[in-house]
Each structure stands twice: as C-alpha cells, then as structure tokens.
Ligand code: AQP
C-alpha cells in the first residue's frame, strides 16, 4: 500500500496556489493509500515570523485541512512540532547531505537572493534536511508536491541511496508526485513569479471574500492581443488563468484553451471568476463552520499520537543502524 505524505507551512494566509497545488488533492490521497498530512510549523520558523501569527496560521491550516475533506479517521493529521522524532532524525540525516548540494537548491537561492548573509538563518539553508527527515520518518512512498519542492524530494532520494549504501536497506525510497495541472500557479500581478503566501500583492487568499477574489481575477495582468490563446511564453498571464480554470474545473489546460479560444479577455476572466465562486464559496462555508467550533483542534492531538508511533519506529531503526547505543 502507498504511504502518502504532504504538508503546508504555516507561514502566512493560504493562497489559491496552496489550494490548487496541495489542498484540493488531499481528499483523494486518503483513498489511494495511508496518508499523513501535517502542518510544517518547524519549517515556518526558517524565516522570521511573529509567534501569534504562527499559532493562528497553524490553527487555520488545520481547519482548511478538514474543510478540504480530510477525514481524521482515514488521514493522520498532526503538527510537525508535536512529534519530536522530526528533530531527532534531522540531527542524524544532516550528516549525509552536503553543503554543496544544499547551496544548489533553487528555493534556498530564491529566498536568500535579496538577503544579507548575516540575516540568513541556518534553518533556511538546511530546510531540505528537515524535509527529508519528515518524509523518511513515515516511510512515505509518494510525496505530492508543487514543482518548486520536487527538487527537495530528489535530494531526499540521493540521501536514501547514500544512507542505504552505507548501512543496508534502512530507509524507504520516496517519489515526488507533481500534479499535471496546477503544479505552479503564478502571481496575478506578475505571472513570472509564483503565487506565494509570503507575497502579499496580487494573490488570491482563501480567506478573501468572493467580491475581492473576483476583483483580483478581473484585474489580473494579461498580455498583448485581445483574445484568448494558450501560449505559455508569449501570454503567461492568460496561460496562468487557463491553468487556474482547468485546475478548478478538473480538466486539462488544452481542454480549457479550446473552450475559451477566441474569447475576449474580459469574458474569459468572468468565466474564471465564476468557476472560482463555484469552488470557493462552499469551501469557505465548510471552513467557517469548522473554525466556529474550537474543538476541531483536538484532531491534531489524536493525529500526533498515531504519527509518533510510526515515526518513532523508523527513528529507532536509524539510530540502531548508525550505532547509537539504545539503552
Ligand atoms: N503557487 C503555487 N502553485 C501550486 N502549488 C503551490 N504550493 C504553494 N504555492 C503554490 C503548494 O502548496 C503546498 C504547501 O506549500 P508550503 O507552504 O509548504 O511551501 P511553499 O511552496 O513555499 O508555499 P508558499 O505559499 O510559496 O509559501 P511561502 O511564501 O512561505 O514560501 C506545497 O505542496 C506547494 O507546492
């Protein structure tokens, strides 16, 4: 049976990118295998964040998980920081990844490109090490990620090869699964940039009201030429909107492009905004209902118990393999 593992960092208010690239797939995972979905709160500390924001974002994500259809009876849902094995395995596996490899990671280069060396914490550099520990603890076979995280899963695979070559078949080999549509939703104001929680402008947030979402779609940056055709290079704005529409509609970009071929931009944007309403209004209603009853947070406590059982078994195997004296 497949073991599926995914997470979201509570670094800010979730965006439509997080919905399309992650949340919208979570419900299906629980029918495809055994799924572990967590809130990556330790990862959220890798860039400065206010404690109160971190707490609120974490609570919000738990509610979004439930609103997306995760059933705590089928999916182990938990906070990363509730399972100390993540930090313990991190301390071991960091010795099997190298500085040169971590320096080459695109996310590290992107996040740090505008920061002075003195402001870059070790955590952001070592982010893929903790992510490898997350994946390996649950012996995940499939790791659904957006395009930008696939490189980290590749690094984790290198680590498994290296570790198992040295100690025998101890770690399970994971595989990144990148969705065919919606793997990288771009900013609405600058389609050359990924839509991101930490980028406040031009992004649709899941807590935006329907009117605001519509306004953002209607004023999304488009391209030369008055009508719709799919051209990822020449018309990145339109391509992004087609990607959003196709993801929400459960169709392909080609199919969406065919449907809107020759539409004027205004008409097409209206169709995208309508589709967004169709998906987001009921989603938001489920979220509102969940968040109103504070007891929902209890699912994280129960999830952590189950997660600890699985994670501690793997941790012990690794500790034994490397020669730690377990007394
Ligand atoms: N724009 C996006 N398009 C498609 N998928 C996306 N994801 C994020 N943005 C997009 C997917 O959401 C999941 C959770 O991501 P994360 O919070 O762990 O990290 P991230 O990818 O760095 O997300 P953000 O929103 O860009 O966060 P910040 O601004 O804090 O760095 C992942 O599956 C991710 O691929």
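Between residue 278 and residue 309, what is 0.36 nm times their sequence separation minus the Cα-Cα distance? Round to one decimal in nm.
This chain segment gains 7.2 nm when fully extended.
Per DSSP H run of n ≥ 4, the term is -39500 (n - 2.57); total these for the chain, divide by its residue number, and report the mean residue ellipticity at 222 nm rounded to 500 deg cm²/dmol.
-16000 deg cm²/dmol
Where is the GNM fluctuation largest for the chain (alpha-carbon springs, 10 angstrom cutoff): 214, 161, 104?
104
Please compute the Cα-Cα pair-distance distribution of region 210-289 with 5 Å bins starting at 0, giving whole percents from short to long.
That works out to 3, 16, 27, 24, 15, 8, 4, 2, 0, in percent per bin.
Order of 293-303, 146-156 by packing, highest average Cβ count within 10 Å first?
146-156, 293-303
Just to be sure I understand the model, the point goes 7 Å from the Cα along the line to the Cβ. What's the resulting residue 322 to residue 252 distance in nm?
4.5 nm
When the label point is put 7 Å from the Cα of residue 2 along its Cα-to-beta-carbon vector, which residues of region 130-145 have a backbone N closer than 19 Å?
135-145
How big is the antiparallel share of DSSP beta bridges in the chain, given as a percent to the nearest 5?
15 percent
Just grab the label-to-label distance for residue 110 and residue 52, each label 7 Å out from Cα along the Cβ direction, in nm (one decimal).
Taking the two extended label points, one gets 3.0 nm.
Mind ranking 12-25, 216-229 by how tightly packed they are, going by the mean number of other C-beta atoms within 10 angstrom, highest first? Don't jump to the answer; show the numbers that get you there.
Details: 12-25: 22.5, 216-229: 16.3.
Ranked from most to least packed, the peptides come out as 12-25, 216-229.
Pick from 83, 233, 160 the residue whose mean-square fluctuation is largest in a GNM of the chain, springs joining Cα atoms under 10 Å.
233
In degrees from 0 to 90, rounded to the nearest 10, what is the angle of the helix 51-67 Cα long axis to the longest principal axis of the chain?
That helix lies at roughly 70 degrees to the long axis.
Rule-based calculations on the coordinates, nothing more; no lab input. Worth saying up front: this structure is predicted, and the values here are computed from it rather than measured. No Cβ is skipped: glycine too gets one built from the backbone with ideal geometry, and neighbour counts run over all protein chains shown.
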